[in-house]
């Protein structure tokens, strides 16, 4: 399956290049590519290489610059559709059926984002200030106001129901007020 995934990854890379969209791969495929193409010298502390794990998907990380660029995000979506991928989870996961000999296999592409850095936050504020009158940003603010204005709002309650959140509740509970304040600062910069 790695060969087929590698072919899909190359096709994706070639199709994204004209749009200057970076391709950052993680997960099992990232480990496989690192082991296959990046020569490493083992350190004494870590003398044994971890085995490459099996995978059936491509974990693609999106940069903050890409996420806030509507044109590039549209190009990314169009490229995925042109390559035969269909949305499985809206905006986050795309699937495609491929044939390996007589067998059909499904390839998934998961679109992931890393936690923002401080400069990403400043870029987001500048982006919002420059384009605050755009319909998609109005809709985002409506969602924030309806679901993420207070700790008792439905969006926050749903986050707290998540299994991973439940496991780390003590740690995550500390961040909720800051996240809500950050959203207020972004969408309501003058405090009104």
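Observations
- Computed over the stretch 81-141, Kirkwood Rh from alpha-carbon pairs, angstrom: 14.8 Å
- Against the chain, whose longest principal axis is taken from its Cα atoms, helix 27-37 shows a tilt of about 40°.
- For the chain, the longest principal axis of the C-alpha atoms and the axis of helix 2-16 are separated by about 50°.
- Modelled spin-label separation between residue 147 and residue 175, with each label point placed 7 Å from Cα along the Cα-to-Cβ direction: 1.8 nm.
- Hull shadow area, averaged, the stretch 83-191 [alpha-carbon convex hull, nm²]: 10.0 nm²
- Simple label model, 7 Å out from Cα along Cβ direction - residue 88 to residue 160, nm: 3.2 nm
- Computed label-point distance, nm, for sites residue 105 and residue 129 using a 7 Å Cα→Cβ extension: 4.9 nm
- Percent of beta bridges antiparallel (DSSP, the chain, rounded to nearest 5): 70 percent
- Additional length obtainable on full extension of the chain from residue 78 to residue 184, 0.36 nm per residue less Cα span: 34.9 nm
- Cα long-axis angle, helix 169-187 against the chain (0 to 90 degrees, to the nearest 10): 70 degrees
- Each 5 Å bin from zero holds the following percent of Cα-Cα pairs in the chain: 1, 6, 12, 14, 15, 15, 13, 11, 7, 3, 1, 0, 0.
Each reported figure results from applying straightforward, stated rules to the coordinates on display, with no laboratory input. Computed from a predicted structure; not experimentally measured. Cβ coordinates were reconstructed from backbone atoms using ideal geometry, including for glycine residues, and neighbour counts include every protein chain displayed.
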